[in-house]
Amino acid sequence: MSGLSAAFTTDFLISFALVATIFVMLGLIINLYSELSTIKKRYKKMMANSEGDSIEQMLAAHTTVVNSVADEQLKMHNKISVFDELIKNSLARVGIVHFDAFEKTGQGLSYCVALLNRNNDGVVFSSICGQETERSYVKPIENGRAPSGYKLTQEEESALRAAMSKN
């Protein structure tokens with residue numbers, strides 16, 4: 001009986017190991033099925049608003065959109081660069097000084113106006129008013145100064161400083 005008992009014990013252990021392995025495998029299959037179901041739900045949710053049937057088609061559509069947005073962004077950047085250059089060269093600072101060119105006869109009607117861009121380039125207009133005459137002058141300004149050959153009066157200097165002091 002001892003031979004029969006040993007065979008029974010060996011067969012029992014092998015059978016038990018096989019049944020245990022089957023249960024472990026069954027548990028793994030159930031776990032994998034559950035994870036696959038979750039992944040399918042997420043995929044369907046992700047693809048719900050897409051035009052294509054597959055993730056590749058959805059990614060291709062999104063890539064097309066991203067590329068068109070990048071092209072538009074580059075165009076806008078170029079336009080902004082042009083506008084920045086226009087703004088740098090446009091009229092940005094103004095200074096005005098009124099004064100009486102001739103004592104007790106000009107009635108304070110004489111004036112100087114400095115018109116500058118952000119680089120302090122521009123002009124100074126001067127108008128000197130007397131009782132019977134009026135004279136106007138225009139002088140160029142480069143980098144906040146009159147070029148050689150042009151001398152600014154005190155009033156023109158005051159108008160220029162007033163304009164350059166503005167942001």
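FYI, it's all coordinate maths here, none of it is from the lab. What you see is a predicted model; the values in this text were computed from it and never measured. So basically every Cβ, Gly included, is an ideal-geometry build from the backbone, and we count neighbours across all protein chains shown.
Could you check the simple spin-label distance between ASN167 and ILE87, using points 7 Å along Cα→Cβ, in nm with one decimal?
Rounded to a tenth, the inter-label distance reads 1.3 nm.
How much of the pair distance distribution for the stretch 93-164 lies past 16 Å, counting alpha-carbon pairs only, in percent?
44 percent
Highest mean first, what order results for 135-145, 90-100, 70-80 on Cβ atoms within 10 Å?
90-100, 135-145, 70-80
Hey, got the dipole for the stretch 93-164? About the Cα centre, +1 on K and R Cβ, -1 on D and E Cβ, debye to the nearest 20?
280 debye
Quickly estimate the mean residue ellipticity at 222 nm for the chain, helices only: each DSSP H run with n ≥ 4 gives -39500 (n - 2.57), and the total goes over all residues, rounded to 500.
-20000 deg cm²/dmol
Quote the relative contact order of the chain in percent (integer), defining contacts as alpha-carbon pairs under 8 Å separated by 6+ residues.
Worked out over the chain, it gives 15 percent.
Between LYS79 and ALA60, what is the spin-label point distance in nm, taking each point 7 Å from the Cα along the Cα→C-beta axis?
3.1 nm
Nearest 0.05, what FRET efficiency do LEU18 and ALA70 give at R0 = 41 Å with Cβ-Cβ as r?
0.10
Bin width 10 Å, alpha-carbon pairs only: give the P(r) of the chain as whole percents, running from 0 to the bin holding the largest distance.
Spelled out per bin, shortest first, that is 9, 16, 12, 9, 7, 8, 8, 8, 6, 5, 4, 4, 3, 1, 0.
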